[in-house]
Amino acid sequence: MELQAVVMAGGRGSHMLDLTQGLRPKPFVLVGNKPLIWYTINMLEGAGFSEAIIITLNCVKTHMELVLKEFNMITKVIGISEESDLDTVDSLCLIKDLIKSDVVVLSCDLITDLPFHRLADVHRLHDSSVTMLLCPAKADIENIPGVKQKKKGQQKQREFIGLCPTERLNQRILFLLNEADLEDDLLPVNQSLMREFPKFQVRTDLHDTHVYLFKKWMINYLTHNKMRSSLRSEVLPYVVQKQFAKSNRFQNGTGEGETNIKMDVNDIFSYVDEDSEKDFIYDLTLAPHERKVNSKSITCYAYIYEEGLCMNVNNISLYMEANRVVSKPDSTFLNIQTRVHPSSRVDEKSQVGADCLVGERTEIAERTSVKRTIVGRNCTIGSGVRLSNCVIMDRVHIDNGSNLNGCILCDDVVIGEKCDLKDCFVGDQKKLTAMTRLSKESLVESQAMMEFE
Amino acid sequence: MERTAGGDQNSGLTAEQKKQLKKERRKAKVSGKATQSTTQVQTSFPGTDASSSNVLQKSKAELRAERRAKQEADRAAKAAMKAEQTSGGSKLKGPQVPANIQADDPKVQKKAAKKLEKQQVPQRAEGQKKVALFSHLHQYERSLSITSNMGFGNTGIHPAIIQLGLQYAEGLITGSNARCAALISAVCRVIKDYVTPQHKELSRDLEMKLKPAISYLNQCRPLSVSMGSAIKFMKLQISVCRKMSDSEAKSRLVDSLREFVRVNIVLAGKAISDSACTKISDGDVVMIYGNSSLITRVLCDAHKVGRNFRVVVVDSRPKLAGRGALRRLRQAGIQCSYVLVSAASYIMPEVTKVVLGAHGLLSNGYVMGSVGTSMVAMAAKACGVPVIVCCEAYKFCERVQADSFVNNEIGDPRDLLVKTNSHKSNPSLLDEEDWKQMDSLKVLHLTYDVTPPDYVAMVVTELGKIPCTSVPVVLRVRSTDT
């Protein structure tokens, strides 16, 4: 077995609480009428994985297994309880006995059309300890539903990624820092890094997609050493930094045998597999090496995917964007699903645009125009309704004459007659009376409104 | 006997008429008019006359005579052909040409593609804009989609081999010794993970498992001479462990493969280094070409022993491998100069010796090395500078080649072109866009070339210092040893 896939679907979607409260945690948020997790598993199956491990919350375990029945892959669902508040590293510790080879850790909110073998090739080629997937960061869309105004001065959390400028796309990561961990607006750079790579590029326009390929010894290190709890914000920057750190082992001298060196549990270098054959080959090869690479060193590489679609559906802005992209006429995700489901009834006098999706058993009355909208299952849309750039979930009822632009309507919402909503977010089971006119409002349960910065 | 001209069909003849025809034929035989009767047959096909009663007899006799005439004609022709052939001396079958140098023959390529499909090895896409003179060699596209359908499961090719193929294709592991050592290391891992399926024998099944692996590696990058030698050794070892238990056979295989690397690369390198050091004297100016793990080792060892010499490193585009050699020699503290191959003849009067590494040594004494080696050797010969080639004995191969056209490896033409950037720094340099647009422009990137034995003074191997032409002797000695 070369590579095992682990999907982290236990998150609660804390950045888009409006969408993910209640019985709809992040893996089941619908994008293009399919749950988010579908996209991840679809990609894994297309890449040639025959099995995957999915870590999710206990309450949705059965629902998850239902969704997974659609696929041919052998999937193992591990449930964690909601109260335990386990983070990614702790989840890995749970499954450490199931891991027998190198691992690719994905988050459930990834939507991409990346041919996965390209990322795996970078990992195989350089024999790197960690390989990441980077994609160009997307700016927020203009009108986010439910958000009154863009908070002035709020910068999106940028990531400072230092890369070695080589010709090819598989770049060596020299430096990884999140803006949140920045102290005093200074970027700390290791001196040994500068010695090895006197010229390197720091980019802030790239986004880490939280796809990580780890070598097996990394998993051993993470599970024995529980000092860190989050892969993204703690482990990765630490490992990237350790590439250029001196290891204690080196300082012990070359003459000592294995038994003399104390197994320091906290020292990452004691986990690295030493391979004298590999050293011999690195010595013989005529390829130019930027640095004296040997099997004892830690290396981190990244693959930058710029040609296609790659996004983490993390907040509402990206959610809208994802829906739009998935329903585009040339989207690659729709070959199985038909645009307008055969069981739904669309009146002849209505117009449903080419980039719309209509779910099962939905009824759309006459003189309705539906543009760039995704309509869920079991909805009833009255006559004379104009829907533009909306996301409508299941069992929604929209009365005649309403006009919705750029809105998100969650399950079981009822919109009265002749309403006019622009850039609104309407939460589950809300009912709006007739003739309501709202703009940039967010109608959700009160506890979800508290958003801490 | 009257004959009727023309006529096409045999009318029905009675038995009497047939007997009469037979008599006639016998008469014709006796008279000995063999050749005449053939023409007679054509004209005498029966009409409806009475004379047609003779016709069947005649036709039978004539048929027999016709057959005999044919036989004699064949015999005569064969004799004539033999006479021709003895002067020509060629077999009727024709020479066996391997498929990898017949890339422009669609039939051969179809067969090869079918073979790859059977082994479930993906085929690499052919490159565009091949030079016509080298259209018989494969030129592959760079973008590696060879692994796109490989999956990550247990079936098919072992991950160590997939990794190795990628490293070969991307040029991370280059150089004959490195490629051979890496191959053996990967095969050891395959053997370690190998489990004999039920009802199958290790010696046969393991070989079947290695075949697609080797095809895959060949697709990633054509096998080198050193790798070929290692594969031959591997196959021999596998066939030998027939009557052993699985674990014993596996450990024996792994040990013998490691021993192969130790003997043929490490120890041979040491022996060659000791031998060649005696040839480098104080005050020498040694010229080397490109990068070779063996040559840098020889020079570093000579320096350690205390010889006082300086080195001129000759390098060539696009690989610029000489820089690696330069770095190593400088790390050892040897005084170096660096030129490109276009300046080789300019700097040759200063040089006292040329030491070259080889990719392989061919049976007719030709030395196969990286492209440009023959230029340096020729320049050296013109200036009267002795050329010494250092090569391990396992790189000797039975192939015979007198030019670099028949068999070679074609690299990516884009390596020779300048990288496209939006504002061209120097518009007179060709970049990828120009290459794609100009139909008549074809760029050739060769990897190897052959140096004739007249240019080489001596070959230093671990078996001693031999002339180039003694390669078949060494091969014979080695084959009797194993």
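Quick look at the values:
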{"item": "Residues of the stretch B:283-315 that turn out to be in a loop (DSSP other than H, G, I, E, B), more than 21 Å from A:ASP283 (Cβ to Cβ) and not small (Gly, Ala, Ser), as a count", "result": "2"}
{"item": "Residue ID - modelled with the lowest pLDDT, chosen from residues in the stretch B:316-326 that are crowded, with 21+ Cβ neighbours inside 10 Å and part of a helix (DSSP H, G or I)", "result": "B:GLY324"}
{"item": "Check on B:ALA178, assigned to a helix (DSSP H, G or I) and either surrounded by fewer than 21 Cβ atoms within 10 Å (Cβ to Cβ) or facing chain A (nearest Cβ under 9 Å) (or both)", "result": "yes"}
{"item": "Test for A:SER344: is it surrounded by 17 or more Cβ atoms within 10 Å (Cβ to Cβ), more than 22 Å from A:ALA322 (Cβ to Cβ), outside the structural domain of A:PRO25 (by TED's automatic domain parsing) and small (Gly, Ala, Ser)", "result": "yes"}
{"item": "Any pair with Cβ under 8 angstrom, 6 or more apart, that starts in the stretch B:438-456 at a residue that is part of a strand (DSSP E or B) and ends at one that is surrounded by fewer than 14 Cβ atoms within 10 Å (Cβ to Cβ)", "result": "B:VAL450/B:ALA402; B:VAL450/B:ASP403"}
{"item": "Residues that are surrounded by 19 or more Cβ atoms within 10 Å (Cβ to Cβ), part of a helix (DSSP H, G or I) and out of contact with any Gly (no Cβ under 7 Å at 6 or more places or on another chain), drawn from the stretch A:91-109", "result": "A:LEU92"}
{"item": "Subset tally (residues that are part of a loop (DSSP other than H, G, I, E, B) and more than 25 Å from B:ASP415 (Cα to Cα)) for the stretch B:147-175", "result": "10"}
{"item": "Residue list for the stretch B:119-129, restricted to those being out of contact with any Pro (no Cβ under 9 Å at 6 or more places or on another chain), more than 30 Å from A:LYS100 (Cα to Cα) and surrounded by 14 or more Cβ atoms within 10 Å (Cβ to Cβ)", "result": "B:GLN123, B:ARG124"}
{"item": "Selection from the stretch B:220-249 of residues that are buried (at least 20 other Cβ atoms within 10 Å of the Cβ) and touching a Phe, Trp or Tyr at 6+ places or on another chain (Cβ under 7 Å)", "result": "B:CYS220, B:ARG221, B:SER226, B:SER229, B:ALA230"}
{"item": "Meets criteria (within 14 Å of chain B (Cβ to nearest Cβ) and exposed (fewer than 13 other Cβ atoms within 10 Å of the Cβ)) for A:ILE53", "result": "no"}
{"item": "The lone exception for B:ALA457 - which of (1) within 25 Å of B:ARG297 (Cα to Cα); (2) surrounded by fewer than 19 Cβ atoms within 10 Å (Cβ to Cβ); (3) modelled with pLDDT of 85 or more it fails", "result": "(2)"}
{"item": "Residue in the stretch A:339-353 that is charged (D, E, K, R) and touching a Lys or Arg at 6+ places or on another chain (Cβ under 7 Å) present", "result": "yes"}
{"item": "Residue match in the stretch A:394-405 (condition: of a type in the set (Gly, Ala, Ser), in a loop (DSSP other than H, G, I, E, B) and surrounded by fewer than 16 Cβ atoms within 10 Å (Cβ to Cβ))", "result": "no"}
{"item": "Any hit, the stretch B:57-69, residues being at pLDDT below 75, over 30 Å from B:LYS130 (Cβ atoms), surrounded by 14 or more Cβ atoms within 10 Å (Cβ to Cβ) and not small (Gly, Ala, Ser)", "result": "yes"}
{"item": "Residue satisfying all of: in the stretch B:138-165; modelled with pLDDT of 90 or more and aliphatic (A, V, I, L, M); nearest to A:LEU119 (Cα to Cα) among these", "result": "B:ILE162"}
{"item": "Looking only at the stretch B:185-214, and only at residues there that are part of a helix (DSSP H, G or I) and of a type in the set (Asp, Glu), the one that is farthest from the chain's Cα centre (by Cα)", "result": "B:ASP193"}
{"item": "Set B:SER479, B:SER374: member being buried (at least 19 other Cβ atoms within 10 Å of the Cβ), part of a helix (DSSP H, G or I) and not aliphatic (A, V, I, L, M)", "result": "B:SER374"}
{"item": "Count of residues meeting criterion [of a type outside the set (S, T, N, Q), within 14 Å of another protein chain (Cβ to nearest Cβ) and buried (at least 19 other Cβ atoms within 10 Å of the Cβ)] in the stretch B:250-285", "result": "6"}
{"item": "Count of residues meeting criterion [closer than 18 Å to A:MET320 by Cβ, aromatic (Phe, Trp, Tyr) and modelled with pLDDT of 85 or more] in the stretch A:1-47", "result": "1"}
{"item": "Number of the condition not met by A:VAL67 [criteria: (1) of a type outside the set (Gly, Ala, Ser); (2) closer than 29 Å to A:VAL391 by Cα; (3) outside any helix (DSSP H, G or I); (4) away from chain B (no Cβ under 14 Å)]", "result": "(3)"}
{"item": "Of all residues in the stretch A:349-393 being in contact (Cβ under 8 Å) with a residue 60 or more places away in the chain and either of a type in the set (Asp, Glu) or in a loop (DSSP other than H, G, I, E, B) (or both), the one that is nearest to A:GLU321 (Cα to Cα)", "result": "A:ASN389"}
{"item": "Answer from A:SER297, A:SER276 - the residue that is out of contact with any Lys or Arg (no Cβ under 6 Å at 6 or more places or on another chain) and touching a residue at least 24 places away in the same chain (Cβ under 8 Å)", "result": "A:SER297"}
{"item": "Residue within the stretch A:81-89 that is assigned by TED's automatic domain parsing to the domain that holds A:ILE173, of a type outside the set (Phe, Trp, Tyr) and crowded, with 23+ Cβ neighbours inside 10 Å present", "result": "yes"}
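The values are calculated or read from the model by the stated rules, or taken from the named source; none is laboratory data. Treat the numbers as computed from the prediction; the structure is a model and nothing was measured. Positions of Cβ are backbone-derived with ideal geometry, glycine not excepted, and every protein chain shown enters the neighbour counts.
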